[in-house]
Amino acid sequence: MPIDHSMQRKFSTLTFPALAIILSVVAIYFSEIFSTAADSVILMLALVMFLMGLTLDKRDFLRIREKPVIVFIGVLLQFSLMPLIAVILSYLLKLPNQLTAGMVLVGSCAGGTASNVMTYLAKGDLALSISMTIVSTLVGVIATPLLCEFYLSETLAVDSIGMVKSIIQLVFIPVFLGVCIKAYAAHFVLKIEKWIPSLSMLCILFIIATVVALNSDRLSNIGFALIAAVILHNSLGLFLGYYFSRLLGLNRRQCKTVAIEVGMQNSGLGVTLALQFFSPSAAVPGAIFSLWHNISGSILASLWGKENNFSDSLARSHEN
């Protein structure tokens, strides 16, 4: 019986937030177990990026040439809006420096692979979503450290060179290896393809649980301000991504896609960089963002998907 990949993606997307909450609670009560795995976070993120590479092929890169202006607009909005929103919210809500660093790190990261799934469920432009994820991932190798240095250097020491080296090791090399294996051993990738989304999800869940465990003693002091900041950060990214895309003349499918790409970040990378270059507390915003943007993305994708179904049914009724 053939596997329904659309149902599999939808199931993974809807169950991720619930699993993240459950595992986070477990990590609080058994923090010693998860804390000892802190060094494995880097390996887990590299594995996620490698798995992302396995899903890409030559056509995905060539497709970027089909809509270069739209891809440029989307990536520009992503790297301009999200870090700026993070700084403004951190200032308005008076977040401590380490939490501000975590907010800016998440805002300065490329789009996450979850955005492709959400775009698919929202019936957006999946090809555009994949193109934006590829380009923002490559641009982020340089953009993420530079943006962090620009926004944080007055209050915190930022090792931008070290961050570039780390992102190359964590992102560029694993993605490149994945793409190469997909190109030269496609038959092997085809056999494991159905397991890639689930394995990626498990890796991200492991990262979230580890961050929660490392901050189990501090979580009681993390108040409404940080949760509000994360929710507003994601929500404003989604809203402004759509709004500015509309202003620039993109069609509705493209606007939905850009909104999702702008609002959903590679929070796993933000968490890992926070642990490497700042502190465990700086990783908390990324962990919360990873949980929240999957919830908000699922809700938005469900609403937009139903909207399209209603519009299609209405169009067919008029035709009849």
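Only the coordinates and a few stated rules stand behind these numbers; no lab work does. These figures come from a predicted structure and were not determined experimentally. No Cβ is skipped: glycine too gets one built from the backbone with ideal geometry, and neighbour counts run over all protein chains shown.
Tabulated data
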item: Ratio of Rg to Rh over the range 25-88 (Cα coordinates, Kirkwood Rh, two decimals); result: 1.19
item: For the range 109-249, the fraction of alpha-carbon pairs in successive 10 Å shells from zero, as %; result: 9, 25, 40, 22, 5, 0
item: The chain: calculated mean residue ellipticity at 222 nm from DSSP helix runs of at least 4, using -39500 (n - 2.57); result: -26000 deg cm²/dmol
item: Entries in LYS67/LYS123; LYS58/LYS191; LYS67/LYS256; LYS58/LYS182; LYS123/LYS191; LYS256/LYS306 that, when Cα-Cα distance is taken, lie over 21 Å; result: LYS123/LYS191
item: Estimated dipole of the range 159-312 in Debye, rounded to 20 [Cβ of Lys and Arg +1, of Asp and Glu -1, Cα centre]; result: 320 debye
item: Protection-proxy order for peptides 262-268, 186-192, 82-88, each taking the mean of Cβ atoms within 10 Å per residue, highest first; result: 262-268, 82-88, 186-192
item: Overall Cα dimensions of the chain - principal axes, largest extent first, Å; result: 63, 44, 36
item: Theoretical gain in end-to-end length, TYR184 to GLU154 [0.36 nm per residue, Cα-Cα removed]; result: 6.1 nm
item: Cβ-based net charge around GLY74, under 14 Å, with every Lys or Arg adding one and every Asp or Glu removing one; result: +2
